[in-house]
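To keep things clear, I will list the structure first and then write my remarks on it.
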Amino acid sequence: FFFKQKTAYEMCGRDWSSDVCSSDLAYLREKKIKPMLLISTLLVLILGGVTIFLRDPNFIMWKPTIISALFGCVFIGSIYLTSQTLIEKLFSTQFKAEKKQWNLMTWMWGLHFFAYAYANYYVFENFSENFWVNFKLFGSLTWTLLFVIIQSIWISYKGEFIGSESSN
């Protein structure tokens, strides 16, 4: 089921089940649902419902664009609105870096999300629904995996991992 979708309607079913399960598991484990997971789940349920009700796949196709743009805003906004960037909050227990490096990593993630938002928009506006479904399923995973690998290599050169032996 998860790898044979041909339409945005089938994608709605996959997204509904995975997002609702993720929210349920998060609530069972932590007794709360993090805001971005809640927003993502609500967007999938609302836009997916409108997609199916109106029989118009464009609504669910907007979801990755909206979520990615929100992530981009949150990441870059954390540089200017908080004392620690979001990346620093997430990874400061794993490695040490200077403020300039935390900011640069945060910019990289923010721009990554904005680029993916645009790519999703471009694909759903210029290609077939079937192509978009495959892009959403395989392209977004590949896109993110490549970005994480590049970011990991960059971190290995710029940061000092906590708990690792120094070579001095």
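The values are calculated or read from the model by the stated rules, or taken from the named source; none is laboratory data. Small disclaimer: the values here were computed from a predicted structure and weren't measured. As a convention, Cβ positions derive from the backbone with ideal geometry for all residues, glycine included, and neighbour counts pool all protein chains shown. To get the accessible areas, we keep the full protein, side chains included, count just its heavy atoms, and leave off ligands, DNA and RNA. Shrake-Rupley method; radii C 1.70, N 1.55, O 1.52, S 1.80 Å.
Could you give the angle, 0 to 90 degrees to the nearest 10, between helix 58-81's Cα long axis and the longest principal axis of the Cα atoms of the chain? Value to nearest ten degrees: 20.
Can you bin the stretch 11-74 into rounded, prolate or oblate? Criterion: square roots of the alpha carbon gyration tensor eigenvalues sorted a ≥ b ≥ c, rounded for a/c under 1.5, prolate for a/b above b/c, oblate for the rest. Because a/c hits 1.5 or more and a/b fails to exceed b/c, the stretch 11-74 counts as oblate. Rolled with a 1.4 Å probe across the full set of protein chains, the surface gives Trp16 an accessible area near 80 Å². For the chain, the longest principal axis of the Cα atoms and the long axis of helix 35-54 meet at an angle of about 20 degrees. When the residues Val133, Val74, Val50 are ordered by accessible surface, computed with a 1.4 Å probe over the protein chains alone, the sequence from largest down reads Val74, Val50, Val133. Take the chain with all the other protein chains still there, run a 1.4 Å probe, and you get 62 Å² of accessible area per residue.
Taking Kirkwood radius over Cα pairs in Å as calculated from this structure, the corresponding entry among [x] 20.3; [y] 17.7; [z] 21.5 is [y]. Solvent-accessible surface (1.4 Å probe) assigned to Phe113 amounts to roughly 30 Å². When Glu10, Glu88 are compared by accessible area of protein heavy atoms, the largest-first order is Glu10, Glu88, using a 1.4 Å probe.
Ordered from largest to smallest accessible area (heavy atoms of protein chains, 1.4 Å probe), the residues Arg29, Arg14, Arg55 come out as Arg29, Arg55, Arg14.
Share of carbon and sulfur in the accessible area of the chain stands at 67%, probe radius 1.4 Å. Taking amide H atoms as placed 1.01 Å from N in the peptide plane, the amide H of Lys96 lies under 5 Å from those of Glu160, Phe161, Ile162, each 5 or more residues away in sequence or on another chain.
The dipole here belongs to the stretch 1-124: it is taken about the Cα centre, uses +1 on the Cβ of Lys and Arg and -1 on the Cβ of Asp and Glu, and is about 220 debye. Name all residues of the stretch 131-161 having a backbone nitrogen under 17 Å from the label point set 7 Å from the Cα of Gln84 along its Cα→Cβ direction, giving them as ranges. So the set is 160-161.
Against the chain, whose longest principal axis is taken from its Cα atoms, helix 8-30 shows a tilt of about 50°. Using a probe of 1.4 Å, the accessible surface attributed to Trp107 totals some 90 Å² when neighbouring protein chains are kept in position.
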